[in-house]
Structures are given as C-alpha cells and as structure tokens.
Amino acid sequence: MHSFSTGFLAAIPAGTNPTPIPFAILQDVSIDITRDLKKLRGQNKHVIAVGEAGVDVTGKVGNASFFGSAMAMMLGGSAVAGSEVPNIGETATIPATPYIVTVANGATMKKNYGVLDLTTGKMMTRGATATGTGVYSVNEVTGAYTFASADQGHKVSFVYTNTAAAIGTTTAVVNSVMSLATGVQLAAFGPKVGTAALGFIGYNVHFPKLGLSMKVEDFASQSADFFCAQSATSDAVFDLISPE
C-alpha cells in the first residue's frame, strides 16, 4: 500500500489534560533511525558476529506556519498574546512649521527603525533634535517625527514597529539555569489510505534546533530538528505504524 503527501503533525506536552500543539501547513517530515552496529572479524574477510551498540532516532520538520505555542514549546519559552508589528515604507511629506509628522500607528509605537528621504534618496540621521537638513528627532511614545525647516516639502519613508495587543503572539525566552529538559509526545501521520495510514509516535521528543527562513519571492518557512529519547514513565521510545 502506498502513502502520498503529508498528513498532520502534532505535539502533546507533558502534564495533566495537555493541549495538543499542531504544526500547520506542513511541508515535510523526515525520520531517521540509525543503528550503531559493531562488527566482529577474525583473520578472515567476513563478519562473524554483530553487536548493536546504540540506536538514534532523529528527524526534521518543515512547515510554513508560525504558531506561537509550537515555537515556545521548541525554545522552552512562554507564548503570550500580542505582538510587535512592522510598518515598512509608510510615506509622508514634511509639512510647514512645526515640521512634525505623526505616523499612522504612533499611539502604539514601539521602535523607530529609520527614515529615508525619498526626495534626496538618502537615509536621514536621528538626533536629539532636528538640528539641520537630513537630521530628524522622534518621540517613540507618541510616534511624532520632527524635521528641520530646510527639509520642508521633502517626501519621506518610515520604518518602525508598533505593539498590537490583539494580533499574534510573542514568545519570550529568558536566560535560565541549566536543568533537565522535558520532552513532548510527537505524532506524525500521513493521509489515510483506505482504512490505515503511515504513522510515527515518539514518546519523549526534544527539539535541539529551530530554523526560521524568510526569502525574496518565496514563502517564509520554519524547520526544526528533533530526536527521541525513552519515555519518562516507561521503556517506550517510539511506535512506527504501517498501513500494510
């Protein structure tokens, strides 16, 4: 029986009544089972005995979703509601006195990331005050940018971020004391073919590597490496489920 395409991948954290954490828009899942076999030879050419020294179960996930709960699980952080949102290329024309532009999301502004003078094609310099041409000051509480009188009439482009309490999540990771890591149960299943499906269940899975990729003319993606250890409550390591 054949299996085609990805199905679903989800993690179940430890604890009572845990909430499953899905990996959505799944691109690929790979699982590698590597056995460390030791070969015994004598004076002759061929192996006469084989010992199994150890087994490593590792894998990799590729997906195009960025659920805060999944990233927090992999990084050992905590996900809270709300996020910092970028505003890239918002434009305005510097007015007459007092030469102030308040950006659209100024009331919730978080951080200024630069101003481009589109009239001159040059990046402007931030100062404590707008002391002369090409120099601006910004109030990151109100989102008000003040420019020099010599730059009146110039068209400018802003890059800044603002906070959004109802949009997205933020995963906060802090520098904590080293300790034992807590794994999760990870289940990967392909689509059901007839009445069965190809599947994998790891009972104590850890994520040592998380990669985030943003590309020109392509979708942002996420990759994560994982490995399996023995369950914390039994000798179970993983189940491999075959549709035939």
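The values are calculated or read from the model by the stated rules, or taken from the named source; none is laboratory data. Computed from a prediction, not measured in an experiment: that's the story for all the values here. Using ideal geometry, Cβ is built from the backbone for each residue, glycine included, and neighbour counts are taken over all protein chains shown.
Determine which single condition residue 154 fails, assuming it passes every other condition in (1) in contact with a helix residue (DSSP H, G or I) (Cβ under 9 Å, 6 or more places away or on another chain); (2) surrounded by 12 or more Cβ atoms within 10 Å (Cβ to Cβ); (3) under 26 Å from residue 86 (Cα atoms); (4) in contact (Cβ under 8 Å) with a residue 12 or more places away in the chain.
Looking at each condition in turn, residue 154 falls short on (1).
Could you please tell me which pairs satisfy a Cβ distance under 8 Å, a separation of 6+ or placement on different chains, a first residue in region 232-244 that is in a strand (DSSP E or B), and a second residue that is of a type in the set (D, E, K, R)?
Matching pairs, first to second residue: none at all.
So, of the residues in region 95-148 that are charged (D, E, K, R) and in a strand (DSSP E or B), which turns out to be nearest to residue 83 (Cα to Cα)?
Only one residue tops the list, namely 110.
For the list (1) free of Cβ contacts under 8 Å to residues at least 60 places away in the same chain; (2) not assigned by TED's automatic domain parsing to the domain that holds residue 71, I need the number of the one condition that residue 177 fails.
Condition not satisfied by residue 177: (2).
What are the pairs, 6+ residues apart or on separate chains, where a residue within region 128-143 that is under 22 Å from residue 118 (Cβ atoms) has its Cβ under 6 Å from a residue that is crowded, with 19+ Cβ neighbours inside 10 Å and β-branched (Val, Ile, Thr)?
Listed by first residue and then by second, the contacts come to 136/115; 143/103.
Hey, residue 164 hits all of (1) part of a strand (DSSP E or B); (2) over 30 Å from residue 114 (Cα atoms) but one; which does it fall short on?
Here residue 164 meets the rest and fails (2).
Could you grab the pairs with beta carbons closer than 8 Å, sequence gap of 6+ or different chains, first residue in region 206-217 and under 17 Å from residue 13 (Cβ atoms), second one polar (S, T, N, Q)?
210/222; 210/223
Against the condition surrounded by 12 or more Cβ atoms within 10 Å (Cβ to Cβ), of a type outside the set (Lys, Arg), modelled with pLDDT of 90 or more and under 28 Å from residue 164 (Cβ atoms), how does residue 69 come out, does it pass?
no
Would region 124-133 turn up any residue that is of a type in the set (A, V, I, L, M), crowded, with 16+ Cβ neighbours inside 10 Å and under 25 Å from residue 166 (Cβ atoms)?
So far as region 124-133 goes, no, none of its residues is of a type in the set (A, V, I, L, M), crowded, with 16+ Cβ neighbours inside 10 Å and under 25 Å from residue 166 (Cβ atoms).
Of all residues in region 81-137, count the ones that are under 28 Å from the mean Cα position of the chain (by Cα), under 18 Å from residue 154 (Cα atoms) and acidic (Asp, Glu).
Selection size over region 81-137: 1.
So which residues in region 1-32 are free of Cβ contacts under 8 Å to residues at least 40 places away in the same chain, assigned to a strand (DSSP E or B) and not polar (S, T, N, Q)?
Selection gives 26, 28, 32.
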